[in-house]
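Chemist: Quick one: the structure is below, and I'll ask about it shortly.
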Amino acid sequence: MTATTAPTRSPATRPRPRARPDYLTSRGLIMFASILLVAGSAYKWSRIVVGPLMMHPYLPPMIATFFLSAAHRLRAFPQDILRAILAFGALYALTCVSGSFSGSLSEITKVYASIITILTIALAIRTEPDFRAAVLALNVAVILMSAGALLRGPGDGLVGINPLEEIANKNAFSMYALPAILLGGFVALDPRAAKWLRVALVGCAMVISFAVFSTANRSGWVGIFMIGVMLLLRGRRIQGVLLVGMLAGAIYLFLGRNEGRRDIFQHRYEQTIGGYHSDTMRERLFKTALQLGIEHPVGGVGPTRLRHYLAARLNTPGPEVDPHNVFGHLVGGCGLIVTGIFLFGGFLMFRRPRRMPPEPAAREAHNLLRMMMILWAVRGMFSREILYNPSFSIGIGLCIALGLVHGVWGRAPLRAQAPPGRRVAT
């Protein structure tokens, strides 16, 4: 008998690892169009009324994309993070049952809309050009939201503009604006992005920052300051110093040359350092919410009932009062167990994965997710509605998507050149 050996394949016929395309995909275009619809969230006429709910206009295409293109790819999502998200969603829904039917339905729907948005964005974005196109769409959407209010100006008072006057108070606008500024600044500092895109995003960041400073919303000002610091510390590159310096200089000139907005800024600054009733009230609300959570550690008092409990404990004039703090909302409304699962999910996103590719792009992608989580936590201390804010949900989804593109939670595939005629410079 003679020994036989298996035939060897030539290098040309050996199977290659599946490559990652480097062009704008059809799913990226769908996400671009869907995220642009976030601009309609500022207007009642564009909201979709379903019973007691007013649905954001971006949600129908997002939900359709989830079932048609993202649901079957859930295994690609980081599984430990996915389990924490789904567990939180299920338990949050259970804690809502104690409230009225319409209130519970609204609260559950908003939380699950946020979860679907994060999952869809993370799984539909397949390439860096997809990611950059989505970032551009979010920045353009926020500018469209604020354009009318910016053109009208702050008026004669010291209350500032309100781009969301048909839907919410002026403090809610910064929740839409801050993720756009952070993501836009990140792409603007990326030398691999097209120059026209980087210039466009710097311009978008300036316009959005002007709008935030015109709203007299102090939490928005703090958020912009934090974004500047985080981008400045990102690699300590000269581009970061120049970008932050340009934004700071433009904001300074804007406030210095506009007497109405300068007066607004000065008025809010004096209120802050001199002691402000709303600041004291926020502190009392947070402490009371924590007490309610300790008294009801398993399921809290219910997210929809918490406002009534807070009003009763603090003897406020109205029948209910908002907690104005997402962590107080979770502890008092859902209890310590649900809050613990939520915080654990945030910890899983924030911690550095053990087996992460050594490429700098992977580390940068995860750093962006960390910056988004820090921004979410700081801004969330001033509002419970950040839990289901579209812009932050899209922002977190985009950060996870970029991490998946670069293999942060698994081995990154090799980069491939785009087929002729299909490359899009983004």
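The values are calculated or read from the model by the stated rules, or taken from the named source; none is laboratory data. Everything numeric in this text was worked out from a predicted model, so none of it was measured. Positions of Cβ are generated from backbone atoms using ideal geometry, with glycine treated the same way; all protein chains shown enter the neighbour counts.
Chemist: From the list 124, 71, 87, 133, which one is more than 24 Å from residue 187 (Cα to Cα) and in contact with a helix residue (DSSP H, G or I) (Cβ under 7 Å, 6 or more places away or on another chain)?
Modeler: The match here is 87.
Chemist: Looking at (1) over 14 Å from the mean Cα position of the chain (by Cα); (2) modelled with pLDDT of 90 or more, find the lone condition where residue 165 falls short.
Modeler: Among (1) over 14 Å from the mean Cα position of the chain (by Cα); (2) modelled with pLDDT of 90 or more, the lone unmet condition for residue 165 is (2).
Chemist: Can you tell me which residue in the range 25-48 is farthest from the chain's Cα centre (by Cα), limited to those that are at pLDDT below 90 and of a type outside the set (S, T, N, Q)?
Modeler: Taking the candidates together, the pick is 45.
Chemist: Please give the number of the condition residue 290 fails out of (1) within 28 Å of residue 370 (Cα to Cα); (2) modelled with pLDDT under 90.
Modeler: (2)
Chemist: Regarding residue 162, is this residue farther than 26 Å from residue 31 by Cα, assigned to a helix (DSSP H, G or I) and not charged (D, E, K, R)?
Modeler: For residue 162, the condition - farther than 26 Å from residue 31 by Cα, assigned to a helix (DSSP H, G or I) and not charged (D, E, K, R) - is not met.
Chemist: Determine, yes or no, whether residue 133 is in contact with an Asp or Glu (Cβ under 9 Å, 6 or more places away or on another chain) and either assigned to a helix (DSSP H, G or I) or not polar (S, T, N, Q) (or both).
Modeler: no
Chemist: Sticking with this one: Select from the range 277-321 the residues that are in contact (Cβ under 8 Å) with a residue 24 or more places away in the chain, in a loop (DSSP other than H, G, I, E, B) and surrounded by fewer than 16 Cβ atoms within 10 Å (Cβ to Cβ) and list them in ascending order.
Modeler: Result: 297, 298.
Chemist: Sticking with this structure for a sec: Out of 135, 142, 202, report the one residue that is touching a residue at least 40 places away in the same chain (Cβ under 8 Å) and under 19 Å from residue 217 (Cβ atoms).
Modeler: After ruling out the rest, the residue left standing is 142.
Chemist: Which ones in the range 49-69 are of a type outside the set (Phe, Trp, Tyr), surrounded by 14 or more Cβ atoms within 10 Å (Cβ to Cβ), under 20 Å from the mean Cα position of the chain (by Cα) and in a helix (DSSP H, G or I)?
Modeler: 59, 61, 62, 63, 65 - these are the residues of the range 49-69 that are of a type outside the set (Phe, Trp, Tyr), surrounded by 14 or more Cβ atoms within 10 Å (Cβ to Cβ), under 20 Å from the mean Cα position of the chain (by Cα) and in a helix (DSSP H, G or I).
Chemist: Give the residue, chosen from 126, 218, 152, that is touching a residue at least 12 places away in the same chain (Cβ under 8 Å), over 28 Å from residue 402 (Cα atoms) and surrounded by fewer than 24 Cβ atoms within 10 Å (Cβ to Cβ).
Modeler: 218
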